[in-house]
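Participant: Could you have a look at this structure, given as structure tokens, before my questions?
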Amino acid sequence: NTDPKTFEMDLEARIEELELVAGLKTPAWTYDGSIPGPFVRANVGDRLIVHFRNALPEPTTIHWHGLRIPAAMDGAAEHSQPAIQPGETFTYDFVLPDAGLFWYHPHVHSAAQLGFGLYGALLVDDPTEPADLGDELVLVLSDMAIRDDGSLQDPQTGLDFGTLFGREGDLLLVNGRKNPVIQARAGRRQRWRLVNAAKSRYFQLAMKEHTFTRIGSDGGFMEKPVESAALVLAPGERADVLVVPRGAPGSTFAVRWVPYDRGYGTTFNRPEEEVFRVRLTDEAEVTETPRPKTDRVITPLDLAGATPITLDLTQGEVDGKMVMGINGVPSWEAVPVPAMVGETQVWTVKNTMDFDHPFHLHGFFFQPLDASLAPIHPMEWKDTVNVPVDGTGRFAVRYDDRPGMWMFHCHILDHADAGMMGMLDLQ
Ligand code: C2O
Ligand code: CU
Ligand code: CU
């Protein structure tokens, strides 16, 4: 039965003391008192109504990352909606247009608010997709900076060395927990839906003696699956991967964070670290069933007559203060990129800085055009792509009928807050 349903929920942003590190109380910023916030799951075509209340001491909004919804519901503070003041409410109301794993987070002081714990996952199912891809798990990856007394490290320090690089927290979290253990049956395929919800950290995951078969990314299934030993997720990106756990009943294996070189002193030379552990149940190995086909026809956008847009991710100086920007100017001085409903554009995003920037466009999926954007490259729909040091990201986007002001920015949120953000003026 695929008749559209309506999901109506209340959601409150508030500070709540949580024990994120054993024995310490942390005044975390939460949706409904938990990290991550409530997990929302619905089908394509369903309507979601969220009665939101801001019980934080500062303004906020909710941005629905990756959803192709009207601009007025996008949560881009001061552009598509006024920020929601402390004590105020706002009702988000939209239809879910696409299947995939999406997520929600604030769009005011994003690095701080998200880094303090405000994020959650939203899974949209397509009832016609192949059944039995495996035991499904949604894994929200993040990190947090907590001081020895349990307080949160205040990330609102302006642009300094930390913000320039993009600050990482020492505490790695999976669904709000440090190094959790997940259960699996040997030989029984698992489907992991992952989102990198960290404000700056790249997650490169690896396992000994296991590989990832990636079947989907930001905008649902990819043209064809890709198998790899490591999986890199820049902030904001999602992956849909299949893993076949192997080993003796009762044994365990680790999924590790391994350093990813994003330039400029590479992630402060952090050592490898276990992110979560898989424990095989005591049951005997199950016979592996063949993997259903998830191949998806993605028709390349017609680029004849497409408008070229060129952007350069840079740093600059305003009144003697260093800022991050696009084409040399910070967001508050940028001229919007003009676009028309129905138009196709080819964006060339250059990175002339010393470190990688994950580039994100609100409200629309795009088609990456060349391998500079990803090491392995079947056709896929993306909303966030990594643009490497001295690299260029090219992608094509076609605008459907949702006029308004749409943001694009680096998803290292310290960079976005420092000015690496621009607006698309769609008319
Ligand atoms: Cu997750 Cu402006 O985005
Ligand atoms: Cu977004
Ligand atoms: Cu950046």
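The values are calculated or read from the model by the stated rules, or taken from the named source; none is laboratory data. These numbers come from a predicted model, not from an experiment. All Cβ positions, even for glycine, are placed from backbone atoms using ideal geometry, and neighbour counts span all protein chains on display.
Participant: Give me the pairs, please: first residue somewhere in the range 173-184 and within 14 Å of S251 (Cβ to Cβ), second residue anywhere and among the acidic types (D, E) and surrounded by 13 or more Cβ atoms within 10 Å (Cβ to Cβ), beta-carbon distance under 9 Å, and either six or more positions apart or on two chains.
Facilitator: Q183/D135; A184/D135
Participant: In addition: Go through I62, I49, I84 for me and flag whichever is within 16 Å of ligand 2 (Cβ to nearest atom) and of a type in the set (V, I, T).
Facilitator: Just one listed residue meets the conditions, I62.
Participant: Also, I was wondering about something else. Those residues that are assigned to a loop (DSSP other than H, G, I, E, B) and closer than 30 Å to Q190 by Cα, I need them from the range 104-153; list them, please.
Facilitator: G117, L118, Y119, D126, P127, T128, E129, P130, A131, D132, L133, G134
Participant: Determine if the range 345-360 includes at least one residue that is in contact with a Cys (Cβ under 8 Å, 6 or more places away or on another chain), within 16 Å of ligand 3 (Cβ to nearest atom) and farther than 26 Å from R68 by Cβ. Quick ask: steps written out before the conclusion?
Facilitator: Let us first name the residues in the range 345-360 that are in contact with a Cys (Cβ under 8 Å, 6 or more places away or on another chain), namely 357-360.
Retained after the next criterion (residues that are within 16 Å of ligand 3 (Cβ to nearest atom)): 357-360.
Those still in the list that are farther than 26 Å from R68 by Cβ too: none.
Checked against the condition, which is being in contact with a Cys (Cβ under 8 Å, 6 or more places away or on another chain), within 16 Å of ligand 3 (Cβ to nearest atom) and farther than 26 Å from R68 by Cβ, the range 345-360 yields no hits at all.
Participant: List the number of the failed condition for E58; all other conditions in (1) closer than 27 Å to M421 by Cα; (2) in contact with a Leu (Cβ under 8 Å, 6 or more places away or on another chain); (3) among the charged types (D, E, K, R) hold.
Facilitator: Failed condition: (2).
Participant: Within the range 401-416, how many residues turn out to be charged (D, E, K, R) and away from ligand 3 (no atom under 14 Å from the Cβ)?
Facilitator: 2
Participant: Something else: Every residue in the range 77-99 that is under 26 Å from N43 (Cβ atoms), aliphatic (A, V, I, L, M) and buried (at least 19 other Cβ atoms within 10 Å of the Cβ), please.
Facilitator: The answer is L96, A99.
Participant: Can you give me the number of residues within the range 335-365 that are buried (at least 17 other Cβ atoms within 10 Å of the Cβ), within 16 Å of ligand 1 (Cβ to nearest atom) and assigned to a loop (DSSP other than H, G, I, E, B)?
Facilitator: Going through the range 335-365 one residue at a time, the tally reaches 4.
Participant: For the range 15-31, does any single residue satisfy the condition of being outside the structural domain of E237 (by TED's automatic domain parsing), in contact with a His (Cβ under 6 Å, 6 or more places away or on another chain) and more than 16 Å from ligand 3 (Cβ to nearest atom)?
Facilitator: no
Per-residue answers, yes or no, for (1) at pLDDT 95 or above; (2) crowded, with 21+ Cβ neighbours inside 10 Å; (3) more than 16 Å from ligand 3 (Cβ to nearest atom); (4) in a strand (DSSP E or B):
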site	(1), (2), (3), (4)
H51	yes, no, yes, yes
W64	yes, yes, yes, yes
L67	yes, yes, yes, no
G75	yes, yes, yes, no
L101	yes, yes, yes, yes
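Participant: Okay, moving on. All but one of (1) closer than 24 Å to T384 by Cβ; (2) of a type outside the set (K, R); (3) more than 16 Å from ligand 1 (Cβ to nearest atom) hold for A76; which doesn't?
Facilitator: (3)
Participant: Moving on. If the requirement is being farther than 22 Å from M420 by Cα and touching a residue at least 60 places away in the same chain (Cβ under 8 Å), which of these qualifies: G115, G120, G66?
Facilitator: G120
Participant: Take the range 27-67 and flag every residue that is within 16 Å of ligand 1 (Cβ to nearest atom) and within 15 Å of the chain's Cα centre (by Cα).
Facilitator: Selection gives P36, G37, I62, H63, W64, H65, G66, L67.
Participant: Kindly indicate whether P235 is farther than 18 Å from Q190 by Cα and within 16 Å of ligand 2 (Cβ to nearest atom).
Facilitator: For P235, the condition - farther than 18 Å from Q190 by Cα and within 16 Å of ligand 2 (Cβ to nearest atom) - is met.
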